[in-house]
Amino acid sequence: LRGFPIFFKYHFGLMLYSTSIVLYVQIVKALSSRYNKINYYLLMTGYILIQSVIPFVVFTRFVGEDYGFPAGTSMGAEMVRFMMKMHSYFREKILYGLKEYYMEYATFSPSSRNTSGEVLEITIEDYITELKRYAYYFFCPSLIYRDSYPRLPKFRVWTFLSYLANLIFCIMFFYVFVMYVCEPYFSKTQIKNYYSLSHFINDCLHLSLPSSIFLMGSFFMLLHTWMNLWSEILRHGDRRFYEDWWNCTNFEQYYRKWNMVVHEWLYYYIYNDVRRFSLGKISRTVSSLVVFSISVVIHEIIIVMAIGFLYPILSLFFGGPGILFTYIKTTKKFYNVVFWLEMFIGPGIIVVLYLWEFNLREAFASIELVSPWHKYIPKILLMFKECYKMKLIEISNSSI
């Protein structure tokens, strides 16, 4: 937890900065009223500049620094959340709050080429009112902006305490799980075994169950406990954070049901908007590929923030087999068993590859690199070069 003091400092600063999008919308509204038009290129240039400040600050301060896995993961996830929240607010306010300038797009239905789409009742009020709306939206567990949300009539203390207890026990569980299940196993492995396919298969099978438990524990802690905790604090009524993904028979269902919060944002603001702002000229297939590409980038950014270096194993799995599996749209109950086998094997392979890379980077720290470019190449690839192979085996033997 050594990185959390700096995390809270930057988190608070960027949280305040995210409210600049409210001021920007007010400026756009004032200028459009004065000149009776909107310059699209100036509008988007200003928006991109405002959005780019957050990743610039985070990357320059956190990437390459050893702040620890929890702080890095939290900063990466929060950076993405800030940008998604800002985009949602900006998009809804400009498209529907100033719909007289974008009526063609506001009334367009992405599901067809007609113009019978629903026009949302979203308005741009004075700055203080908009700031209050944005403040609630910023903390509520939703990435879809609305001027108002359904809310419960009262705060339920015991429900809040039960979710808080769940969160505390989840954190304790993860600590025990990593320290007593994962760490002891890999502290005993030797780099010389990384050249053996049988050892790779053995490691993947050994960590398949722990990795899957870790994945499901993360799901329970974040998408059930954390989301419901904040919903109870804010009396937020819409609590559809996930669906019955455990009953899925294919990965197309799984991507939709696992994380409804992110799925809805990608669906409404990427998939639908690619078709909306092209007025239906871009196909659904291309729109889906754009969604996958952005999703891969988002996940990779969080992973880079967490581990401190670029190692796109998750992107390769998610952007390769992950996309191909979506085209297998079986609905037979038997394939739920196949789905769970994939859910056990896939995380095991990914975790093994990441942990091998960690171990290899520690070993390479004591080896002089042949080329400066090798610093940026995954060490799991460099270990097969003859100039490094013997040295790595010597290090592995000396550590026994």
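The values are calculated or read from the model by the stated rules, or taken from the named source; none is laboratory data. Since we're looking at a predicted model, the values are computed, not measured. Using ideal geometry, Cβ is built from the backbone for each residue, glycine included, and neighbour counts are taken over all protein chains shown. The accessibility values were calculated without ligands, DNA or RNA, using every heavy atom of the protein model including side chains. Shrake-Rupley method; radii C 1.70, N 1.55, O 1.52, S 1.80 Å.
Going by the conditions given, is GLU252 at pLDDT below 90, out of contact with any Cys (no Cβ under 6 Å at 6 or more places or on another chain) and part of a helix (DSSP H, G or I)?
On the way: at pLDDT below 90: yes; out of contact with any Cys (no Cβ under 6 Å at 6 or more places or on another chain): yes; part of a helix (DSSP H, G or I): yes.
Criteria met by GLU252.
Test PHE200 against the criterion of being open to solvent by 40 Å² or more (accessible area, probe 1.4 Å) and closer than 26 Å to PHE364 by Cα, and give yes or no. Reasoning before the result, please.
Values: open to solvent by 40 Å² or more (accessible area, probe 1.4 Å): yes; closer than 26 Å to PHE364 by Cα: yes.
So PHE200 passes the test.
Restricting to region 127-148, count the residues that are in contact (Cβ under 8 Å) with a residue 60 or more places away in the chain, open to solvent by 40 Å² or more (accessible area, probe 1.4 Å) and within 14 Å of GLY97 (Cβ to Cβ). Going through region 127-148 one residue at a time, the tally reaches 1. Beta carbons closer than 9 Å, at least 6 apart along the sequence or on distinct chains, pair a first residue in region 312-340 that is within 21 Å of ILE301 (Cβ to Cβ) with a second that is hydroxyl-bearing (Ser, Thr, Tyr) for ILE313/TYR354; LEU314/TYR354; PHE318/SER295; GLY319/SER293; GLY319/SER295; GLY322/TYR255; ILE323/SER288.
To keep it simple, each residue is scored yes or no on (1) out of contact with any helix residue (DSSP H, G or I) (no Cβ under 9 Å at 6 or more places or on another chain); (2) over 25 Å from SER315 (Cα atoms); (3) among the small types (Gly, Ala, Ser).
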site	(1), (2), (3)
TYR354	no, no, no
GLU362	yes, no, no
TYR376	yes, no, no
LYS379	no, no, no
CYS387	yes, yes, no
LYS391	no, yes, no
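Suppose we keep only residues that are part of a loop (DSSP other than H, G, I, E, B) and more than 22 Å from GLY348 (Cα to Cα) within region 260-316. Which one would you say is least open to solvent (accessible area, probe 1.4 Å)?
Step one: list which residues in region 260-316 are part of a loop (DSSP other than H, G, I, E, B), which gives 277-283, 308-312.
With more than 22 Å from GLY348 (Cα to Cα) added as a condition, the list becomes 277-283.
On the way: PHE277: 95, SER278: 22, LEU279: 47, GLY280: 6, LYS281: 165, ILE282: 60, SER283: 54 Å².
Looking at the filtered set, the residue picked out is GLY280.
Residues of region 21-56 that are open to solvent by less than 30 Å² (accessible area, probe 1.4 Å) and touching a residue at least 24 places away in the same chain (Cβ under 8 Å): ILE21, VAL22, VAL25, VAL28, SER32, LEU43, TYR47, ILE50, GLN51, ILE54, PRO55.
If you go through region 317-330 one residue at a time, do you hit one that is open to solvent by 30 Å² or more (accessible area, probe 1.4 Å), within 21 Å of the chain's Cα centre (by Cα), of a type outside the set (A, V, I, L, M, F, W, C) and modelled with pLDDT under 85? Looking for residues that are open to solvent by 30 Å² or more (accessible area, probe 1.4 Å), within 21 Å of the chain's Cα centre (by Cα), of a type outside the set (A, V, I, L, M, F, W, C) and modelled with pLDDT under 85, one finds at least one in region 317-330, hence yes.
When you check SER208 against the structure, is it modelled with pLDDT of 85 or more and farther than 18 Å from PRO70 by Cα, yes or no? Walk me through how you get there before you give the answer.
On the way: modelled with pLDDT of 85 or more: yes; farther than 18 Å from PRO70 by Cα: yes.
Criteria met by SER208.
Output the residues belonging to region 220-259 that are free of Cβ contacts under 8 Å to residues at least 24 places away in the same chain and of a type in the set (A, V, I, L, M). Within region 220-259, LEU222 is the sole residue that qualifies.
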